[in-house]
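The values are calculated or read from the model by the stated rules, or taken from the named source; none is laboratory data. Just so it is clear, the structure is predicted and the values come from calculations on it, not from any experiment. As a convention, Cβ positions derive from the backbone with ideal geometry for all residues, glycine included, and neighbour counts pool all protein chains shown. SASA here: full protein model, heavy atoms, side chains in, ligands and nucleic acids out. Shrake-Rupley method; radii C 1.70, N 1.55, O 1.52, S 1.80 Å.
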Amino acid sequence: MRPTKYSTTSIVTMLRRRKIATMPELMVALGTDARRTVFRKLKELHYRTSYSHRGRYYTLDDVAEFDERGLWAYEDVWFSIHGTLLSTAASTVETAEVGYFVEELDNVLHVGTKDALRKLVRDARLTREEFSGRFLYCAANANRRHRQLLGRRTMLAEPGIVGSLPETAIMPDELRAAIVLFFSLLDEKQRRLYAGLEALKTGRGGDARIAELLGLSTDTVARGRRELLEQDVDVERVRRVGGGRKPVEKKRRS
């Protein structure tokens, strides 16, 4: 009896239609009860396993649309160009400008990362430094770690005043609340100009970051930024009627 031949076509067709699938679903698509057969066929393809959901889901490289961080999600299932959660966490921390606290990395990767970070430290792939009563996870390279610690101290010392605002995912809750409160006290034009100013300080990608933080459209932020650059601001119209110091009338000498 000749052995059954399996084709990757059924797997490719399924993943391109459904984006992601579990091992049992792939077994059904391939028409086999053997996981080993599915793995053998997957090796013929450029595929990824999810770093969330304990790696239960699979996709193809030409299906995933990875962002600038190398992440992609479909129906709350997360994939990474780095593969596993360990590798993804290690790469994300190593390339960070200011390192990461656990809760910050949780927000960035959308999964719990405490156990992964602890293992990376035990394996000497990352380091951690006590910082403001918490552990800040940094690169293993000494020079890189030094720059991350310096950047973190600078960010916490003068957040959003001299430098740009930190990314939303790693912004301290107190700072975010203060910014939102201050922003709510401004009128429409002042909000647009403030957003434009922060976008200018942030640099590349600033319009999108500030728009996300303040709940504005990127067009509004871009408009405020252009008005500041072109100095297209009518100062008199920004002032409220009747505002400012009352004029002082000099008394004549008798």
> Taking the condition modelled with pLDDT under 95, among the aliphatic types (A, V, I, L, M) and more than 15 Å from the chain's Cα centre (by Cα), does Leu175 pass?
Replying inline: yes
Filter the range 13-65 for residues that are without any contact (Cβ under 8 Å) to a residue 24 or more places away in the chain and open to solvent by less than 60 Å² (accessible area, probe 1.4 Å); the one that is farthest from Leu109 (Cα to Cα) is Ala34
If you go through Thr37, Thr8, Thr95, the only one that is under 30 Å from Asn143 (Cβ atoms), among the polar types (S, T, N, Q) and modelled with pLDDT under 95 is Thr95
Subset of the range 114-128, residues in contact with a helix residue (DSSP H, G or I) (Cβ under 7 Å, 6 or more places away or on another chain), within 12 Å of Val102 (Cα to Cα) and open to solvent by 60 Å² or more (accessible area, probe 1.4 Å), comes to Lys114, Arg128
Those residues of the range 202-225 that are in a helix (DSSP H, G or I), closer than 14 Å to Ile179 by Cβ and open to solvent by 60 Å² or more (accessible area, probe 1.4 Å) come to a total of 2
Within the range 171-201, the residues that are of a type in the set (A, V, I, L, M), touching a residue at least 12 places away in the same chain (Cβ under 8 Å) and either open to solvent by 50 Å² or more (accessible area, probe 1.4 Å) or not in a helix (DSSP H, G or I) (or both) are Met171, Val180, Leu197, Leu200
(1) modelled with pLDDT under 70; (2) open to solvent by less than 50 Å² (accessible area, probe 1.4 Å) all hold for Arg239 apart from (2)
Flagged in the range 129-150 as within 17 Å of Ser91 (Cβ to Cβ), of a type outside the set (D, E, K, R) and open to solvent by 50 Å² or more (accessible area, probe 1.4 Å), in numbering order, are Asn141
Here the residues within the range 71-101 that are over 25 Å from Leu60 (Cα atoms), surrounded by 18 or more Cβ atoms within 10 Å (Cβ to Cβ) and β-branched (Val, Ile, Thr) are Val93, Val98
